[in-house]
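Asker: Structure incoming, see below.
The values are calculated or read from the model by the stated rules, or taken from the named source; none is laboratory data. Owing to the predicted nature of the structure, the values given are computational and were not obtained by experimental measurement. Note that each Cβ is placed from the backbone with ideal geometry, even for glycine, and that neighbours are counted across all protein chains shown. For accessibility, only protein heavy atoms count, side chains too; no ligands or nucleic acids. Shrake-Rupley method; radii C 1.70, N 1.55, O 1.52, S 1.80 Å.
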Amino acid sequence: MSLDSTPKIITIKDIAQKFKCSPSTVSRALNNHPLINIETRNTIQEYARRMGYQKNSVSLSLLNKSTKIIGVILPNISHFHEAAMVNGLQSVLQPLGYLVNICITNESQILEKEYVERLLSNRVDAIFMSVSQETYDSKDHSHLEQILKRNIPLIFIDREYDHFPAFGVTINDYQGAYRATQHLIEVGCKRIAHLRGPKGLTVAEQRYKGYIDCLIDHRLPVNETLIAEANFNIESGLMPTQYLLNLKDRPDGIFGVNDQVCFGALKIIKEYALNVPTDIALVGFDNSPIAEYFQPSLTSVKRQSKQIGTEAARLFIESLTSGSSSVSPQNCVLDSELIVRDSSRRS
């Protein structure tokens, strides 16, 4: 097969030549303009469908000043939380005709910058972003400034980015961590360890701060040997838990930065033939769907994951109706809730 056999993309001009009329007449017919009689509209539309005609969305966006495309940039989408946020966004934006374009950075700033550049070149109507770990570490937000210079709404979801003039929807991570630690104190724990998240990342820092402040408020010592750094996946909870269990005075309670690290911790605790919650009580964060079905079921802080998406979409729509330049950036902080289950329920 030769290169010349590639199917030709049919245009409005081609359709106009077929029906011996002007391109403007064809355009009106394809868009159901009432000045074109119904029979002509149907005939042209049927021919266009048969020939595989597609509207030029870029040209339409130049005319309408809107592409109806939304960019969503996330570090990952492997956990329930991120998927639920996207679900919340789509539940509001899809009925309004928006296409949601999801980009995954894997915590890479290089990828994050590339996605921002590509989304801007595709004239997206807004960008919803959960900032990558590398962007936090580098403190380089020049790519975020480019979004604002283009007067495109930027809405941070899940992760705050301090001192940057953009909309944001987050969970009260501090409150959730404080309540989780307080619960462990209430069930009798005296040596409470923390599997903390990456340093510098807002959600991890807020949960760490909530843990520390709760210990201080209840006059319990802050013991650095009981704080072990993890990440947000199951594997990252394995070695830190081994370290904690090998301490001369091991912890009698563990608060994990999220449910995933707690699932890893639970595996190690069982390997050490220790009982949860009798020997060690365990509390996570996220209230992922499988938390209820683990053995024992995991006590966890519930995040309003889907509502983060719906609230972020609401802020975007509000900025459109009010005019983005006239709306001051808002940060909406949603409450968290502790769901008590068997991993911390001591009789």
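Asker: Given the peptides 278-288, 231-241, arrange them by the average over their residues of other C-beta atoms within 10 Å, most packed first.
Answerer: Packing order, densest peptide first, comes out as 278-288, 231-241.
Asker: Pairs Lys113/Lys149; Lys248/Lys270; Lys209/Lys248: which are spaced more than 23 Å apart, C-alpha to C-alpha?
Answerer: Lys209/Lys248
Asker: Let me ask something else. Using the 2.2 N^0.38 Å rule of thumb for compact globular proteins, work out how the range 196-347 stacks up: its C-alpha Rg over that value, please.
Answerer: 1.23
Asker: Moving on to the next point. Assuming a ≥ b ≥ c are the square roots of the Cα gyration tensor eigenvalues, decide whether the range 239-296 counts as rounded (a/c under 1.5), prolate (otherwise, with a/b larger than b/c) or oblate.
Answerer: Prolate is the answer for the range 239-296, as a/c is 1.5 or above and a/b outweighs b/c.
Asker: Within the range 251-275, which residues have the backbone N less than 18 Å from the label spot 7 Å out from Gln295 along Cα→beta-carbon, could you tell me?
Answerer: So the set is 263-275.
Asker: Between Tyr272 and Asn331, what is the spin-label point distance in nm, taking each point 7 Å from the Cα along the Cα→C-beta axis?
Answerer: 3.7
Asker: While we're on this one: What is the spread of the Cα atoms of the chain along each of their three principal axes, largest first, in whole Å?
Answerer: Sorted largest first, the three principal extents are 89, 48, 37 Å.
Asker: Taking only protein heavy atoms into account and a 1.4 Å probe, give the accessible area per residue of the range 260-347 in Å².
Answerer: Each residue of the range 260-347 exposes 45 Å² on average to a 1.4 Å probe.
Asker: For the range 5-160, what is the accessible area per residue in Å² when the probe is 1.4 Å?
Answerer: 56
Asker: If you place +1 on the Cβ of every Lys and Arg, -1 on the Cβ of every Asp and Glu, and leave all else neutral, what size is the dipole of the chain about its Cα centre, to the nearest 20 Debye?
Answerer: Taking the Cα centre of the chain as origin, the dipole is about 1300 debye.
Asker: Cα centroids of the range 117-142 and the range 206-278: how far apart, whole angstrom?
Answerer: If we compute the Cα centre of each part, the gap is 33 Å.
Asker: Using DSSP to define loop residues, name the trypsin sites (Lys or Arg not before Pro) in the range 168-271 whose beta-carbon has at most 15 other beta-carbon atoms within 10 Å.
Answerer: Answer in residue order: Lys190, Lys199, Arg219, Lys248.
Asker: Along the charge dipole of the chain, pointing to its positive end and built from +1/-1 on Cβ of Lys, Arg, Asp and Glu, which listed residue (Leu74, Phe285, Val301) has its Cα farthest out?
Answerer: Leu74
Asker: Right, something else. Can you give the FRET efficiency for Asp279 and Lys68, using 1/(1 + (r/R0)^6), R0 = 51 Å, r = Cβ-Cβ distance, to the nearest 0.05?
Answerer: Rounded to the nearest 0.05, the efficiency is 0.35.
Asker: Excluding ligands, DNA and RNA, what is the solvent-accessible area per residue of the range 173-234 at a probe of 1.4 Å, expressed in Å²?
Answerer: 43
Asker: Another one. Are there any trypsin sites (Lys or Arg not before Pro) in the range 93-141 that are in a DSSP loop and have at most 15 other Cβ atoms within 10 Å? List them by number.
Answerer: Those satisfying the criteria are Lys139.
Asker: So what is the relative contact order of the range 144-201, in percent, for Cα pairs below 8 Å that sit 6 or more residues apart?
Answerer: After rounding, I find 21 percent.
Asker: Of all the accessible heavy-atom surface of the chain, with the other protein chains kept in place and a 1.4 Å probe, what percent is carbon and sulfur?
Answerer: 51
Asker: Same structure, new question: Report, as a whole number in µm² per second, the diffusion coefficient that Stokes-Einstein gives for the range 132-223 at 20 °C and 1.002 mPa s using the Kirkwood radius over alpha carbon pairs.
Answerer: 143
Asker: Need one number: nm distance between label points at Thr321 and Thr225, each 7 Å from Cα along Cα→Cβ, rounded to one decimal.
Answerer: 5.9
Asker: Explain nothing, just the number: dipole magnitude of the range 273-347 about its Cα centre with +1 on each Lys and Arg Cβ and -1 on each Asp and Glu Cβ, in debye rounded to the nearest 20.
Answerer: My answer is approximately 60 debye.
Asker: I want to check the label-to-label distance for Ser347 and Gln146. Put each point 7 Å from Cα in the C-beta direction and report it in nm to one decimal.
Answerer: 6.2
Asker: If you don't mind, there's one more thing I want to ask. Can you give the alpha-carbon Rg of the range 183-266 over 2.2 N^0.38 Å, where N counts its residues?
Answerer: Normalised by 2.2 N^0.38 Å, the Cα Rg of the range 183-266 equals 1.00.
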